[in-house]
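Okay, structure first, notes after.
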Amino acid sequence: MLKEWMDKKILFLGDSITHNGLYVDFFETYLIQYYFSNYEGSIIRLGLSSETVSGLSEVEHPFPRPCLHERLDRTLAAIKPDVVFLCYGMNDGIYAALDEKRFSAFKTGLLKAIDKIHATGAEVIVMTPTPFDVHSFSVRLSDELVPDAGYQHPYKNYNDTLKAYAEWIMTLGEKEGVLKTIDLFTPMTNFLHATYERDPAYSSGDGIHPNNIGHWIMTKAIIKQLFNITLNRMPFYVQKSGPGDFFNLLWFDNETISNAWREEIGHTLPNKDIHALSVENAYAKSNRQEIIKMAREDAKRISESKWKGYRKLDFYLDGREGTLIVPENPREDGMWIWRTEFLGAFDMADMAMLKQGYYLAYYCISDMYGNAKAVKLMEEFRGFIMGYFKLSAKPILFGFSRGGLYAVNYTAKYFLYVTALYLDAPVLDINSWPRGAGVGEGTPGCWEECKMCYGLTDETADSFNQNPLDKVQALLDAAIPVILVAGDADTLVPYSENGEKFAKLYENSGKFKLILKPDCGHHPHSLEDPTPIIDFLNDCIE
């Protein structure tokens, strides 16, 4: 989908949050930097402050709220988009308690918009509203179920209304003409809960409109749910963009073009932008190609920081986050450890081997469950680490938990480029985890993700034969040394369904060591004293 969108015109419609549009600009920046090689600037944000799809307004709202349907036909005719994102709901509940009549008006209005867009041949992606953050709302909240003042003094439990709207949106699909739904409500809610737990004084904005960080959380959610790319870092421009840097120039460019389109198409807001340029002049003044060039140069940057006392190098490869930890006294052979998942967790062996001069690398391809695409990306990463940093062509792979899917599947295909494997409570059968089809607990949400990654259904998963356990012979044929550490009381990733089956196949290979921890569950991983692990792996170095 990413590469297909390079030549498409993408339109974002929404209320004041999309009118602000930072999340759209962050999204566009990501695509420019890592994917759109011949991008001409085809993302247009046309949110409108105060807008709804329901046509409702509060009693005391200063003016009748604009309704998307007043301008939708003109907008579609003028822009001729290929893909339209819709983000509504915050204003549609008019800051009141959940009510079936208002809810019905929202549903009807949104479905009508979807139908109109779909009728033009454009694809429709519908996003949920973001949450109403009571913690950051500084003005008095109302006990009234339907406060006349609306957004000025919202109903105290208004977030429950938005939650219901969000849950309904997530039920939409092909039947309603929707290509994809994106849940912004849950990731933002989770972020707010975690942040307030750490910092009770934190403010996310004004309670209705997210701040810059909130917009970045929205962007991350879009990228994750559209492309299954997990981003953990926050780019510098989210908080520190200033005059002259590429993001500030891109934002100004988008603001100028958006204002031009908004005024040319027309709207019912009482305040018009009298300084808006014509669309023709807005594009004429655009310095798009220079901005794109600057953005792509920034994408090549390798940033440096400290991690547990060591130099940490952060970079991006194929739009995904890569990390290399540099030892104080590197080995002459450039040998490195590759943590396939959970960098920094239960890392007693990692830290000990860093001290011995091994580099430590990580590539964030989380939630791909070791599928064929993940394995291909892993090989590109290995090639980059070897070529750019001049390290060994044959790393040692650490596969902890679901990292076992990545470590074994990669090694089965690229065994010539692997020195050894350290597997720790590894997932080696997706029907065991995340499905939980055997004696284990399973994780339903992860199972849904996993099925999508492999193109499976519950029915076809029964006969799936591309699990790591199905590929053990390739490792045996290549004489790959393996050390396996596991707990015999693991109820999440049962040893009997994963590690034990691997051990029985590998026990006579001559290059295998099993450390089975009695009465130990899935956690803790590794060993408090990792010496047996390190000794085994050091003996594998040619």
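The values are calculated or read from the model by the stated rules, or taken from the named source; none is laboratory data. What you see is a predicted model, and the numbers here were worked out from it, not measured in a lab. Quick reminder, even Gly has a Cβ in these numbers, built from the backbone with ideal geometry, and neighbours come from all protein chains shown.
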task: Determine whether Pro187 is assigned by TED's automatic domain parsing to the domain that holds Ala97, under 22 Å from Met234 (Cβ atoms) and touching a residue at least 60 places away in the same chain (Cβ under 8 Å).
output: no
query: For the range 439-542, which helices (runs of 4 or more DSSP H) that fit wholly inside it have 3 or more residues that are modelled with pLDDT of 95 or more, among the hydrophobic types (A, V, I, L, M, F, W, C) and under 32 Å from the mean Cα position of the chain (by Cα)?
result: 444-454
- request: Select from the range 389-416 the residues that are assigned to a strand (DSSP E or B) and of a type in the set (Val, Ile, Thr) and list them in ascending order.
  value: Ile396
task: Output yes when any residue across the range 190-201 is closer than 21 Å to Met170 by Cβ and in contact with a helix residue (DSSP H, G or I) (Cβ under 6 Å, 6 or more places away or on another chain), and no when none is.
output: yes
- line: Checked the range 44-94 for anything of a type in the set (A, V, I, L, M, F, W, C), out of contact with any Phe, Trp or Tyr (no Cβ under 9 Å at 6 or more places or on another chain) and touching a residue at least 24 places away in the same chain (Cβ under 8 Å); matches are Leu48, Val59, Phe63, Cys67, Leu72, Leu76
Odd one out for Leu110 among (1) surrounded by fewer than 21 Cβ atoms within 10 Å (Cβ to Cβ); (2) assigned to a helix (DSSP H, G or I): (1)
field: Failed item in (1) under 29 Å from Ile32 (Cα atoms); (2) in contact with a Leu (Cβ under 9 Å, 6 or more places away or on another chain); (3) surrounded by fewer than 16 Cβ atoms within 10 Å (Cβ to Cβ); (4) not aliphatic (A, V, I, L, M), with Glu280 passing the rest
entry: (2)
statement: Residues in the range 329-346 that are farther than 17 Å from Gly399 by Cβ and either touching a helix residue (DSSP H, G or I) at 6+ places or on another chain (Cβ under 8 Å) or not in a loop (DSSP other than H, G, I, E, B) (or both) total 0
message: Please list, ordered by residue number, the helices (runs of 4 or more DSSP H) wholly in the range 187-287 having 1 or more residues that are closer than 29 Å to Val139 by Cα.
response: 212-227, 237-240
message: Suppose we keep only residues that are at pLDDT 95 or above and among the hydroxyl-bearing types (Ser, Thr, Tyr) within the range 237-267. Which one would you say is nearest to the chain's Cα centre (by Cα)?
response: Ser258
message: If Asp82 meets every condition in (1) surrounded by fewer than 21 Cβ atoms within 10 Å (Cβ to Cβ); (2) in contact with a Cys (Cβ under 8 Å, 6 or more places away or on another chain) apart from one, which number is that one?
response: (2)
- request: Might you let me know whether the range 410-420 holds any residue that is closer than 19 Å to Ser526 by Cβ, at pLDDT 95 or above and not polar (S, T, N, Q)?
  value: yes
- request: Can you give me the number of residues within the range 7-21 that are in a helix (DSSP H, G or I) and buried (at least 23 other Cβ atoms within 10 Å of the Cβ)?
  value: 2
field: Verdict on Ile292 being closer than 30 Å to Pro62 by Cβ, in contact (Cβ under 8 Å) with a residue 40 or more places away in the chain and either within 30 Å of the chain's Cα centre (by Cα) or not assigned by TED's automatic domain parsing to the domain that holds Trp216 (or both)
entry: no
task: Quick one: count up the residues across the range 285-327 that are over 24 Å from Ile223 (Cα atoms) and modelled with pLDDT under 95.
output: 4
query: Does Asp15 qualify as being among the acidic types (Asp, Glu), more than 30 Å from Lys373 (Cα to Cα) and either assigned by TED's automatic domain parsing to the domain that holds Gly266 or without any contact (Cβ under 8 Å) to a residue 24 or more places away in the chain (or both)?
result: yes
Filter pass, Phe247 being buried (at least 17 other Cβ atoms within 10 Å of the Cβ) and in contact (Cβ under 8 Å) with a residue 12 or more places away in the chain: yes
- line: Out of (1) in a helix (DSSP H, G or I); (2) in contact with a Pro (Cβ under 8 Å, 6 or more places away or on another chain); (3) touching a residue at least 24 places away in the same chain (Cβ under 8 Å), the one Glu379 does not meet is (2)
task: Please enumerate the residues belonging to the range 347-376 that are part of a strand (DSSP E or B) and within 26 Å of Asn467 (Cα to Cα).
output: Ala361, Tyr362, Tyr363
- request: Could you list all residues from the range 87-127 that are closer than 19 Å to Ser142 by Cα and not hydroxyl-bearing (Ser, Thr, Tyr)?
  value: Met90, Asn91, Asp92, Gly93, Ile94, Ala96, Ala97, Leu98, Asp99, Arg102
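Let's see how each residue does on (1) assigned to a helix (DSSP H, G or I); (2) assigned by TED's automatic domain parsing to the domain that holds Thr186; (3) within 31 Å of the chain's Cα centre (by Cα); (4) surrounded by fewer than 19 Cβ atoms within 10 Å (Cβ to Cβ):
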| site | (1), (2), (3), (4) |
| --- | --- |
| Tyr95 | no, yes, yes, no |
| Leu98 | no, yes, yes, yes |
| Ile125 | no, yes, yes, no |
| Val139 | no, yes, no, yes |
| Thr161 | yes, yes, yes, no |
